[in-house]
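Every number here is computed from the coordinates shown, using simple stated rules; none is lab data. Every value quoted in this text rests on a predicted model; they were computed, and no experiment measured them. Cβ placement follows ideal geometry from the backbone for every residue including glycine, while neighbour counts extend to all protein chains displayed.
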Amino acid sequence: MTNASGERPSLTPPAFPSALAQPPQRAGASIPPPAAAVAPVPTAAAPSRRGRSAPIWAAALLVLVLIGLVGYFLTAIGPSASLVGMIVALIPLVGVLFAIRIIDRWEPEPRGLVIFAIAWGAVAAVGIALGVDLVLSFVFGARDSAVDDAFRAVVQAPIVEEIAKGLGVYLIFVTARRAFDGPVDGVVYGALVGAGFAFTENIQYFAISFIEGGVADTGATFFVRGIMSPFAHVMFTSVTGFALGLAARRGARAGRAFGPWMLGLVGAIVLHALWNGSAVFGDFFVLYLTLQIPLFAVFIIGVIALRREETRLTHARLADYAAAGWFTPQEVDMLATSAGRRTALEWAGTLRGDRRQVMKGFIADATALAAARQRAISGRDPHAAEDERVLLSRTAAARAALFAP
């Protein structure tokens, strides 16, 4: 596709006005014009998984820790109470995961990393927290005074638990760097780790409540932890993920990201300590209404702002391909807006054979293509060009399938 002078249109990326936007960018490779006829691409063709999955040794570690946790619950709490606690804990977990899915719906993270993040929070982070508590109990002996209880709740628990959860987010950043593009990804991974941790912690709380007070105490505990505060751990660890996401957007590697990770941990620890302190030192319900709810509202507003930035970035990168002839401007508007996507799916449903699944694939691949283009022009992913090649072929094939008679 050429302009009036016969030259290929410039693909220099536009300026980014947002404070959360990208750093100065490289020019990036030019986008070739589409072929006159595009050959179908096998459905198995997909971008390389390299740099998009957790290492096998980490999964093996999770299995070993899981065996120890199961043994702990069966011994310390008992199988019946543990089963009751797990069933009740599943209720807030489902709600939280549904909310995270809404955040992650624009450009979904790899399923394997989603599972790993939840598992790290539910298994490894809990195991680390229990292990540290066991070591401290062995070193200092039983601590049953009110001062000791307050110290554990306001100091020990926030520090140990947030570091344990934050390690999982940092591990994803280091080992699956290509799936960690920016703040939204960081918030999602942090939220998933926090959700997993809250699930296992809730099993323990609900099981102990069931043992000590039956259904009545379990219901009261469920109201506080499952209704009033299901997103507490999610919000804490999301702060750590957000800090790492900013580092990722600026092209930081493991070493340079350590500082932002530490800053994120400080924020998560402060929020966690503030939450626990409101229950220990003040009127929990008054502070919940006057402090925690406003903080949660700020968190929601922040997530919405990040999603809008992600939408704008998708539009900008797909516009690069439109300039080279791969999409029309109308298709860019369709692919880069929620309203446009809904309209496109409705239209695809009216086509012969109901082609909504084809349209879903077209939207998903186009969104991934925009992300790959951003990684390419920012210079932080040497394999992004290969992703672009595959995703361009897939989107072209899907587009041809949508318009096929």
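Below, the figures for the structure above:
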quantity: Nearest-0.05 FRET efficiency for Thr343 and Ala404, computed from C-beta distance (R0 25 Å); calculated: 0.80
quantity: Approximate spin-label separation Val155-Val215, in nm, with each point projected 7 Å along Cα-to-Cβ; calculated: 4.3 nm
quantity: Segment Leu295-Leu90, extension gain: residue separation times 0.36 nm, minus the distance between their alpha carbons; calculated: 71.3 nm
quantity: Three semi-axes of the equivalent ellipsoid, the range 56-282, Cα gyration tensor, whole Å, largest first; calculated: 28, 20, 17
quantity: Stokes-Einstein D (µm²/s) once Rh is taken as the Kirkwood radius of the chain over alpha-carbon pairs, at 10 °C in 1.306 mPa s; calculated: 69 µm²/s
quantity: Distance between the range 57-97 and the range 344-400 - C-alpha centres, whole angstrom; calculated: 38 Å
quantity: Additional length obtainable on full extension of the chain from Asp333 to Val70, 0.36 nm per residue less Cα span; calculated: 89.7 nm
quantity: Asp133 versus Ile115: modelled label distance in nm, points set 7 Å from Cα along the beta carbon direction; calculated: 2.9 nm
quantity: Debye-sum result for the range 318-375 in log10 I(q)/I(0), which assumes one identical scatterer on each alpha carbon, at q = 0.16, 0.20, 0.29 Å⁻¹; calculated: -0.49, -0.73, -1.19
quantity: Gain in span if fully extended, Asp354 to Arg250, counting 0.36 nm per residue against the direct Cα distance; calculated: 33.3 nm
quantity: Relative packing of 351-363, 236-248, which averages over residues the other C-beta atoms within 10 Å, highest first; calculated: 236-248, 351-363
